[in-house]
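Undergrad: Following this message is one structure expressed as structure tokens.
The values are calculated or read from the model by the stated rules, or taken from the named source; none is laboratory data. Since the model is a prediction, treat every value here as computed from it, not as a measurement. As a convention, Cβ positions derive from the backbone with ideal geometry for all residues, glycine included, and neighbour counts pool all protein chains shown. Side chains included, ligands, DNA and RNA excluded: accessible areas come from the protein's heavy atoms. Shrake-Rupley method; radii C 1.70, N 1.55, O 1.52, S 1.80 Å.
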Amino acid sequence: INKKIVLVMENPYLFKTSVFKNVAYGLKIRHKNNRKNKDIHKIVADTLDMVNLKGYEDKPAQILSCGQTQRAALARALALEPEILLLDEPFTNIDKKNTILLEKIIQKINKQLLTTIIITTHDLLQAHRLADKVISLFEGRTVNSSFENLFSADIEKSDNQKWARLNSKVKISVVTDKTGPGHIAIAPQDIILSQKKLESSARNSFKGLIKKIEIQGQKVWVSIDAGVEFTTIITKTSLDELNLAVGKEIF
């Protein structure tokens, strides 16, 4: 089972030798170097081509950029033809251009090689964009809650009302029988955005600053700092009507 699984670490280490020898190293460790030399050369060439590093065989591994290093480590893993590929935060320390390229490579590996890929990431939008299934972890356990707005909270009672206190500045009115430490999940589609404070019976109204806007088709993900960071999902039409932009205040 162990030989069917390969892990690529968040900050992969490449040996101070050629890219070819780095990619071929796993074959040597797994005792697959008894093939003809031309077969090993073909395996290395094919895997480097898969990760968009064709022709890099003779280059020193130490001159590669962070994005190229990540892809070379991925090629080293693919050379072993794993059934399951584990990627630990594979997008750390690489720029947007390399992130987009690596995302396409991961999707290609999954579809063309039929490799099962398990990725850890803190980028929730990226997780939903890449994965068939997203599993949320909270304090070391899987949870069946909102992936975006999941907070530790102290649930307290005052003025005949229960409050989930997220920090010294932010508390949320809740309906619950629980008290004490817990956590609260808020579905992003249940958060309403407004240019002005809503005049309603709703107790949970906060002023915040827009930190990030990401458009995916007709869905728009908006991240807002209101003492804690909330993520909401709105339509492209609502984005235009509200005239939202990064750095603007919003309720």
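Undergrad: Take the residues in region 179-197 that are farther than 22 Å from residue 250 by Cα and exposed (fewer than 12 other Cβ atoms within 10 Å of the Cβ), then tell me which one is nearest to the chain's Cα centre (by Cα).
TA: Taking the candidates together, the pick is 181.
Undergrad: In contact (Cβ under 8 Å) with a residue 60 or more places away in the chain and loosely packed, with under 13 Cβ neighbours inside 10 Å: is that true of residue 167 in this structure? Spell out the reasoning first.
TA: Working: in contact (Cβ under 8 Å) with a residue 60 or more places away in the chain: yes; loosely packed, with under 13 Cβ neighbours inside 10 Å: yes.
In short, yes.
Undergrad: State whether the residues of region 131-143 include one that is more than 19 Å from residue 224 (Cβ to Cβ), assigned to a loop (DSSP other than H, G, I, E, B), among the polar types (S, T, N, Q) and open to solvent by 50 Å² or more (accessible area, probe 1.4 Å).
TA: Going residue by residue through region 131-143, those that are more than 19 Å from residue 224 (Cβ to Cβ) are 131-143.
If we keep only those that are assigned to a loop (DSSP other than H, G, I, E, B) as well, we get 131-135, 139-140.
So of that shortlist, the ones also among the polar types (S, T, N, Q) come out as none.
No - not one qualifying residue is present in region 131-143.
Undergrad: Quick one: what pairs do we get from region 90-102, first residue on the phi > 0 side of the Ramachandran plot, second open to solvent by 30 Å² or more (accessible area, probe 1.4 Å) and at pLDDT 90 or above, C-beta under 8 Å, 6+ apart or different chains?
TA: Short answer, once both residue conditions are applied: 93/11; 93/66.
Undergrad: Now for a separate question. Give the number of residues within region 144-164 that are surrounded by 15 or more Cβ atoms within 10 Å (Cβ to Cβ), touching a Leu at 6+ places or on another chain (Cβ under 9 Å), at pLDDT below 90 and not charged (D, E, K, R).
TA: Residues in region 144-164 being surrounded by 15 or more Cβ atoms within 10 Å (Cβ to Cβ), touching a Leu at 6+ places or on another chain (Cβ under 9 Å), at pLDDT below 90 and not charged (D, E, K, R): 2 in total.
Undergrad: Could you grab me the full set of residues in region 111-161 that are closer than 29 Å to residue 78 by Cα, in contact (Cβ under 8 Å) with a residue 12 or more places away in the chain and among the aliphatic types (A, V, I, L, M)?
TA: Correct list: 113, 117, 118, 119, 124, 125, 127, 130, 131, 134.
Undergrad: For region 14-31, how many residues are open to solvent by 60 Å² or more (accessible area, probe 1.4 Å), out of contact with any strand residue (DSSP E or B) (no Cβ under 9 Å at 6 or more places or on another chain) and modelled with pLDDT of 95 or more?
TA: 2
Undergrad: Further question on the same structure: For the condition at pLDDT 85 or above, over 23 Å from residue 137 (Cβ atoms) and touching a helix residue (DSSP H, G or I) at 6+ places or on another chain (Cβ under 8 Å), what is the one hit in 213, 192, 233?
TA: Working: 192 fails: touching a helix residue (DSSP H, G or I) at 6+ places or on another chain (Cβ under 8 Å); 233 fails: over 23 Å from residue 137 (Cβ atoms).
Step by step, each of 213, 192, 233 is checked, and only 213 is at pLDDT 85 or above, over 23 Å from residue 137 (Cβ atoms) and touching a helix residue (DSSP H, G or I) at 6+ places or on another chain (Cβ under 8 Å).
Undergrad: In this structure, is residue 92 within 28 Å of residue 132 (Cβ to Cβ), among the polar types (S, T, N, Q), out of contact with any Lys or Arg (no Cβ under 8 Å at 6 or more places or on another chain) and open to solvent by 20 Å² or more (accessible area, probe 1.4 Å)?
TA: Numbers: within 28 Å of residue 132 (Cβ to Cβ): yes; among the polar types (S, T, N, Q): yes; out of contact with any Lys or Arg (no Cβ under 8 Å at 6 or more places or on another chain): yes; open to solvent by 20 Å² or more (accessible area, probe 1.4 Å): yes.
So residue 92 passes the test.
Undergrad: Need pairs with beta-carbon distance below 7 Å; first residue modelled with pLDDT of 90 or more and within region 32-55, second part of a loop (DSSP other than H, G, I, E, B) and of a type outside the set (Asp, Glu); sequence gap 6+ or separate chains.
TA: Going by the 7 Å Cβ cut-off, the qualifying pairs are 43/79; 44/79; 47/79; 48/54; 48/56.
Undergrad: Kindly provide the set of residues from region 59-89 that are more than 18 Å from residue 44 (Cβ to Cβ), among the acidic types (Asp, Glu) and open to solvent by 40 Å² or more (accessible area, probe 1.4 Å), ordered by number.
TA: Result: 83, 88.
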